[in-house]
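Undergrad: Questions regarding the structure given below will be posed in turn.
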Amino acid sequence: MKRKADVVIIGGGINGCCLAYNLSKKGLSVQVIEKRYLTSGATGSCGAGIRQQWSTEENTLLAINSVKIFEKLSKELKEDIEFRQGGYLIAIHDKAEMNQAIKNVKMQKKLGLKVDIIDNDKIQNIVPILDVNGMNAIAASYCPTDGHANPFKTTFAYAKASLKYDTNIATHTKVIDIKTDKREIKEVITDKGSIKTNFVINAAGVWSKEIADMVKINIPNQALRKEILATERLKPIFKSMVISFKDGIYFSQQKEGQIVGGIPLEKEFGLKTLPTIDFLYHMSSTLTRYAPSLSHVKVLRHWTGFYDMTPDARPIIGDTKDLIGFIHCHGFSGHGFMLSPMVSKIITDYISNGKKDKIFEDLSLDRFKGKKITYEKSVVG
Ligand SMILES: Cc1cc2nc3c(=O)[nH]c(=O)nc-3n(C[C@H](O)[C@H](O)[C@H](O)COP(=O)(O)OP(=O)(O)OC[C@H]3O[C@@H](n4cnc5c(N)ncnc54)[C@H](O)[C@@H]3O)c2cc1C
């Protein structure tokens, strides 16, 4: 581990590793600190879908620009991250959802996204196993450039690429304190020694609140429990991710053939990892309502993970005047994998040359200080 670094990144998930690559590529010395192993947080338990269809402009822009990076990433990192663009099909069930979808698609098109509202015949052309009556769909919104990547391969590819520059990654090393002087960062203390620095990035996922507490900053995040399953491998059937905001279900077929997907149960905050039979029942009955031909398929694995939720379901990015150099990069509320390339780029631009993207203002922690907040409505799972 370094004794001094330009930037210390807390967390070895997709955001920590992507940031390490981008920052060290700019010539900065970087120390990543991970208390367990790389991908041991939400990154290793996620669906890894990549979607540009959001209700807020900030998320849509971050996702559109992230997809542009994902499209070239395997080549850039010289590792196959298994990025595929099979599209996202978002079911529309009633008039209220249709009105919201029309609004979303209008805004998304204005930002340059190729997206449309499609009828039930087109839904069945794209994913033939869907029963549009069983799923109670009246239409769907569809974007063909949405997709998926392998979260493990992407994170490890970023980590490996960062090591070609001035990055050190310390795993099984826990941050236990952060020393500040007035409004500046001075030192990060771990259970294996300390590092002097003026920049700390809090990319600790659902543990970001513990890290922010170390510098006496209160963040409104809560860990929201989720369950997700994977079936046995099947021959290739469909390429698109299917989701429904009303039913909460999402599922797609992976490159190796298994169906991976989830659905929410009653909201439960906290870090309880125990998987439940209720989830298996609810997921399989909804999945087979959507796609009856999957009823014979065996579930092989089932696990829990946690969304790092903010009150408006939008991430918290950048520093505040209270503590310069303490960079927030958390609160992704279930969509931090897909946004990581662009989020890392704008944080890197800020640290390396002081350039502050407008997103810093929109997604700043300060937005919760009495201002009117805009909710992200397109959250699933
Ligand atoms: C079931 C499920 C499905 C999801 N599906 C999708 C999806 O389809 N698409 C999408 O974009 N997103 C999805 N997400 C969300 C996505 O997984 C997260 O937003 C993203 O992985 C967050 O990455 P991260 O690097 O910020 O945090 P994490 O991956 O959580 O990494 C944080 C790391 O910080 C480390 N850490 C914590 N405290 C300390 C400390 N004191 N010292 C050192 N290290 C510390 C942890 O060990 C952890 O490894 C899903 C999440 C879940 C749970």
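The values are calculated or read from the model by the stated rules, or taken from the named source; none is laboratory data. Since we're looking at a predicted model, the values are computed, not measured. Every residue, glycine among them, receives a Cβ derived from its backbone with ideal geometry; neighbour counts consider all protein chains shown.
Undergrad: Output the number of residues of the range 288-329 satisfying the condition of being within 14 Å of the ligand (Cβ to nearest atom), in a strand (DSSP E or B) and touching a helix residue (DSSP H, G or I) at 6+ places or on another chain (Cβ under 8 Å).
TA: 12
Undergrad: Give the residue, chosen from 337, 332, that is assigned to a loop (DSSP other than H, G, I, E, B), modelled with pLDDT of 95 or more and within 11 Å of the ligand (Cβ to nearest atom).
TA: Details: 337 fails: assigned to a loop (DSSP other than H, G, I, E, B).
Residue meeting the stated conditions: 332.
Undergrad: If I go through the range 361-381 residue by residue, how many of them are within 16 Å of the ligand (Cβ to nearest atom) and either without any contact (Cβ under 8 Å) to a residue 24 or more places away in the chain or part of a loop (DSSP other than H, G, I, E, B) (or both)?
TA: As a first pass, look at the range 361-381 and keep what is within 16 Å of the ligand (Cβ to nearest atom): 363, 365, 376, 378-381.
Filter again for either without any contact (Cβ under 8 Å) to a residue 24 or more places away in the chain or part of a loop (DSSP other than H, G, I, E, B) (or both), leaving 363, 376, 378-381.
So the answer is 6.
Undergrad: Additional query: Please identify the pairs in which a residue from the range 6-21 that is more than 10 Å from residue 32 (Cα to Cα) and modelled with pLDDT of 95 or more has its Cβ atom under 7 Å from the Cβ atom of a residue that is in a strand (DSSP E or B) and more than 7 Å from the ligand (Cβ to nearest atom), counting only partners at least 6 apart or on another chain.
TA: 6/30; 6/199
Undergrad: Among the listed residues 209, 216, which satisfies the condition of being in a loop (DSSP other than H, G, I, E, B), basic (Lys, Arg) and at pLDDT 95 or above? Show your work before the answer.
TA: Details: 209 fails: in a loop (DSSP other than H, G, I, E, B).
None of the others qualify; the one that does is 216.
Undergrad: Follow-up. Within the group 312, 278, 308, 319, which residue is without any contact (Cβ under 8 Å) to a residue 40 or more places away in the chain, acidic (Asp, Glu) and buried (at least 17 other Cβ atoms within 10 Å of the Cβ)?
TA: On the way: 312 fails: without any contact (Cβ under 8 Å) to a residue 40 or more places away in the chain; 278 fails: buried (at least 17 other Cβ atoms within 10 Å of the Cβ); 308 fails: without any contact (Cβ under 8 Å) to a residue 40 or more places away in the chain.
From the options 312, 278, 308, 319, the qualifying one is 319.
Undergrad: Exactly one condition in (1) over 28 Å from residue 363 (Cα atoms); (2) away from the ligand (no atom under 14 Å from the Cβ); (3) touching a residue at least 12 places away in the same chain (Cβ under 8 Å); (4) surrounded by fewer than 15 Cβ atoms within 10 Å (Cβ to Cβ) is false for residue 285; which is it?
TA: Every condition holds for residue 285 apart from (3).
Undergrad: When the range 343-360 is examined, which residues are found to be surrounded by 12 or more Cβ atoms within 10 Å (Cβ to Cβ), free of Cβ contacts under 8 Å to residues at least 12 places away in the same chain and assigned to a helix (DSSP H, G or I)? Explain how you work it out, then say what you get.
TA: As a first pass, look at the range 343-360 and keep what is surrounded by 12 or more Cβ atoms within 10 Å (Cβ to Cβ): 343-352, 356-357, 359-360.
Subset that is free of Cβ contacts under 8 Å to residues at least 12 places away in the same chain: 349, 357.
Of everything in the range 343-360, just one residue is surrounded by 12 or more Cβ atoms within 10 Å (Cβ to Cβ), free of Cβ contacts under 8 Å to residues at least 12 places away in the same chain and assigned to a helix (DSSP H, G or I), namely 349.
Undergrad: Looking only at the range 20-36, filter to residues that are away from the ligand (no atom under 16 Å from the Cβ) and of a type outside the set (S, T, N, Q); which one of those is surrounded by the fewest Cβ atoms within 10 Å (Cβ to Cβ)?
TA: To start, the set of residues in the range 20-36 that are away from the ligand (no atom under 16 Å from the Cβ) comprises 24-29.
Narrowing the set further to residues that are of a type outside the set (S, T, N, Q) leaves 25-28.
Working: 25: 18, 26: 15, 27: 10, 28: 19.
Of everything passing the filter in the range 20-36, 27 is surrounded by the fewest Cβ atoms within 10 Å (Cβ to Cβ).
Undergrad: Among 122, 110, 78, which is the only one that is over 19 Å from the mean Cα position of the chain (by Cα) and closer than 22 Å to residue 17 by Cα?
TA: 78
Undergrad: Quick check on my filter: what residues within the range 226-252 are surrounded by 22 or more Cβ atoms within 10 Å (Cβ to Cβ) and of a type in the set (D, E, K, R)?
TA: 226, 227
Undergrad: Still on this structure, I have one more. Answer yes if at least one residue in the range 61-76 is under 30 Å from residue 172 (Cβ atoms) and within 13 Å of the ligand (Cβ to nearest atom), and no otherwise.
TA: yes
Undergrad: Find the strands (runs of 3 or more DSSP E) located wholly in the range 64-176 whose residues include 2 or more that are touching a residue at least 60 places away in the same chain (Cβ under 8 Å), and list them.
TA: Numbers: elements: 88-92, 116-118, 139-143, 167-170.
Output list reads 88-92, 139-143, 167-170.
Undergrad: Among the residues that make up the range 26-39, is at least one of them closer than 21 Å to residue 176 by Cα, of a type in the set (Asp, Glu) and touching a residue at least 24 places away in the same chain (Cβ under 8 Å)?
TA: Step one: of the range 26-39, the residues closer than 21 Å to residue 176 by Cα are 30-39.
Next cut, of a type in the set (Asp, Glu) only: 34.
Next, only the ones that are touching a residue at least 24 places away in the same chain (Cβ under 8 Å) stay: 34.
Scanning the range 26-39 turns up at least one residue that is closer than 21 Å to residue 176 by Cα, of a type in the set (Asp, Glu) and touching a residue at least 24 places away in the same chain (Cβ under 8 Å).
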